[in-house]
Structure formats: structure tokens, C-alpha cells
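Just so it is clear, none of the values below were taken in a lab; they were calculated from the coordinates. Not measured: the values here are computed from a predicted model. Methodologically, a virtual Cβ is constructed for each residue, glycine included, from the backbone with ideal geometry; neighbour enumeration extends over all protein chains shown.
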Amino acid sequence: MLINCVAYQEGRKLADIQPQEIHEYVRRPECFIWVALFEPTPEELETMQREFGLHELAVEDAQHGHQRPKIEEYGDSLFVVLNTVELAGDELKVGEVDIFVGRNYVLSVRSRTERGFAEVRARSEREPDLLRHGSAYVLYAIMDTVVDRYFPVFDGLEAELEEVEKRIFSGRSNRAIIESLYVLKQKLMTLKHATAPLLEATSKLYGGRVPQLCAGLQEYFRDVYDHVARVNQSIDILREMVTTAISVNLSLLTIQENEVTKRLAGYAALVAVPTMIAGVYGMNFENMPELNWSLGYPLTVAIMVAIDGYLFYRFRKAKWL
């Protein structure tokens, strides 16, 4: 589906145009076209391929989707793949943005993601001095927006960990908490898969041999790299915290089990004393001195109570009961 098709000249919007008019504006050296598509059909991509002369391998990747984040050069053009990550209730929804960039065009193809880039277009049009850089600045603006959208997702996962930690230390350490931590670790891995490959990809745009298309905007792409590095570092730290939380929760479960074991051992000892004494008297020997003594029974019971009372005192003092 076509979202926008706009021609720009000297950093300012020239006109909204129809796809069949693209070839007229592409011929103008002072213009560039910015086309935005959402989940296009193969026919629509083929139309754009003819209009802009897109490389067939890049078009094939965009058609199949589910690509790893990357930046590839095809002659004097770039093909950029970015993964978007959005919170959808308790789940993470992973989408994809494929960007074709040439000297006089930008084609963004969005798949499996609800949020578009209308604010990016509005922001770029408010900054004509920067938009004069042409298609490379649009590439920067889209990449910067996609990377900045990772931070709210990360903040949500961080808040989720804080809630789980409260449950851990509230005395309700159980299997459900372990499952919550494991799900959180999976979400962090999903976010990591979207951000980690961008470290290497974005480094190509500001250091070493920079594509001619991006010359003059290295400091902007370095800013994107800094943001990607920061979110990656934050993800690694949070993953370590999740691992630690899992270990702490397992340790608390072990401690609870030990407490239960100690209580059971204490109660078993309290029962064992009268059981032992009663067992001795239950063997029915004839020559037992207490059999003919009137105080034998109450004395035996008193001894049982006294021993159990002493054991109960010692167990409570040792916090076994």
C-alpha cells in the first residue's frame, strides 16, 4: 500500500506526486523522491524497481522479509534493513523496515509494524537546511527514529524486572516467578537480535570508507551508532540482572525448602521421644519395676512432656519451629 510519494527540491517539499510521475522528477538532478510503502505487493515493488532501478537482490530481500539488520551497498545506492520492536500487551512484536537509498530517491518499505514515519517526514520538512543533504539525511532520520523507539521498549522490560523482583522478595518465590524471568530473558534476546547487528552496520556509515552517498553526514550517523551502543550495553546489563534474579529466586526456594525440612525434623523429634518411651513400655516384659507402682504412669507421661518441652524450647530458640 502506498503511504506517501513526495518530491523534494533544495530541502523543501515540491509536491505530492503519483507513482507514474516518479520518472519525471528522478531525472531532475536537484530533486529527490521519498516514497513510503506499507506491506506492498510484489507488483508494487516491481514498479518501484523499474522507476528507481533497484538491484534485484535487494528487492528480493524486501519481498521475502525477515531479514537480519544490515546495510549493503549496490553500486552508488544503499539497501538498509532495520528491525522494529513494539510492545503489544505482554508480547514483543517484531517488524521490519527496508530502505532503498539512492542519490535522488528514498524508498521505505514497512512490514509487520503499526507505527509509521509520518513524524519523521514532518520533522525533516521542518529542517530544510538539513534536508538539503538529500536522501542521506532521510536515511539518518529514519534510522535515528527506529533506534530511539527501542528505548521505551527497554524501559518497559526494565519496569517488568522491577515488578518481578518485588515478587521475589515478598516471600512468594515460586515457579511462576522463574517462568516470568525466563520470558523476560526471551524478550531481551528478541530486542538484542534487533539491535546488536546495527553496531557493525552503522559503523560503516561514519568510519573508514564511508559510502559517497553519506559523505558529509558522518557525525549524524555516529550519533545513531552511539544510541545503538548505549541500548546494547543496557540490554546486556539487564540480561545479567535477570540471570542474577533467577539465581536469587532459586536460592530463596532452596532456603524455603531447608526451612520446611528443619520444621519437619523438629516435629519428628517431638513425636519420636514419646513414641520411644511408649514403645519400651509396650513390649510387655514382666519384670518392669514401674508396673506395680501407682505413680509409674503419671511419672512416665510427665517425663515425656518434660523432654518434649525442652526440645520444643531448643528448637524455637534455634528457629527450627
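Summary table below
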{"quantity": "Rule-of-thumb Rg ratio for the chain [Cα; 2.2 N^0.38 Å; N residues]", "calculated": "1.79"}
{"quantity": "Crossing angle, helix 175-203 versus the chain [Cα axis fit, 0-90 degrees, rounded to tens]", "calculated": "30"}
{"quantity": "Net +/- balance of residues flanking ASN4 in space, Cβ distance below 13 Å, scoring K and R +1, D and E -1", "calculated": "0"}
{"quantity": "Within straight-line cross-link reach of LYS166, aspartates and glutamates at Cα separation under 18 Å, skipping those fewer than 8 residues along the same chain", "calculated": "ASP155, GLU158, GLU179, GLU240"}
{"quantity": "Proximal aspartates and glutamates relative to LYS93, as straight alpha-carbon distance under 14 Å, when same-chain residues fewer than 8 apart are discounted", "calculated": "GLU114"}
{"quantity": "Positive-end residue, the stretch 1-111 charge dipole about Cα centroid, Cβ charges, pick of GLN67, GLY89, ALA36", "calculated": "ALA36"}
{"quantity": "Set of aspartates and glutamates near LYS319 by C-alpha distance (under 18 Å), chain-local residues within fewer than 8 positions excluded", "calculated": "GLU257, GLU259, ASP308"}
{"quantity": "Order by protection proxy (mean Cβ within 10 Å, highest first), peptides 8-19, 30-41, 251-262", "calculated": "30-41, 8-19, 251-262"}
{"quantity": "Cα-based convex hull volume of the stretch 121-259 per residue, rounded to whole Å³", "calculated": "104"}
{"quantity": "Top positive-direction residue, dipole computed over the chain with Cβ charges, set PHE117, PHE221, SER234", "calculated": "SER234"}
{"quantity": "Theoretical gain in end-to-end length, VAL210 to ILE17 [0.36 nm per residue, Cα-Cα removed]", "calculated": "66.3 nm"}
{"quantity": "Loop-located trypsin sites (Lys or Arg not before Pro) in the stretch 77-186 whose Cβ has at most 11 other Cβ within 10 Å (DSSP)", "calculated": "ARG126, ARG172"}
{"quantity": "C-alpha long axis of helix 218-281 to longest principal axis of the chain, angle in °", "calculated": "10"}
{"quantity": "Debye-sum result for the stretch 59-177 in log10 I(q)/I(0), which assumes one identical scatterer on each alpha carbon, at q = 0.12, 0.14, 0.17, 0.20 Å⁻¹", "calculated": "-0.56, -0.69, -0.89, -1.11"}
{"quantity": "Within the chain: Cβ-based charge dipole about Cα centre, in debye rounded to nearest 20 (Lys, Arg +1; Asp, Glu -1)", "calculated": "1360"}
{"quantity": "With 10 Å bins from 0: P(r) over the stretch 1-70, alpha-carbon pairs, percent", "calculated": "18, 48, 28, 6"}
{"quantity": "Low-density loop positions, GluC sites (Glu not before Pro), the stretch 106-181 - DSSP coil, at most 15 other Cβ in 10 Å", "calculated": "GLU114"}
{"quantity": "Rounded to the nearest 20 debye, dipole of the stretch 104-203 from Cβ charges on Lys, Arg, Asp, Glu", "calculated": "360"}
{"quantity": "C-alpha center-to-center spacing [the stretch 35-70, the stretch 106-173] in angstrom", "calculated": "23"}
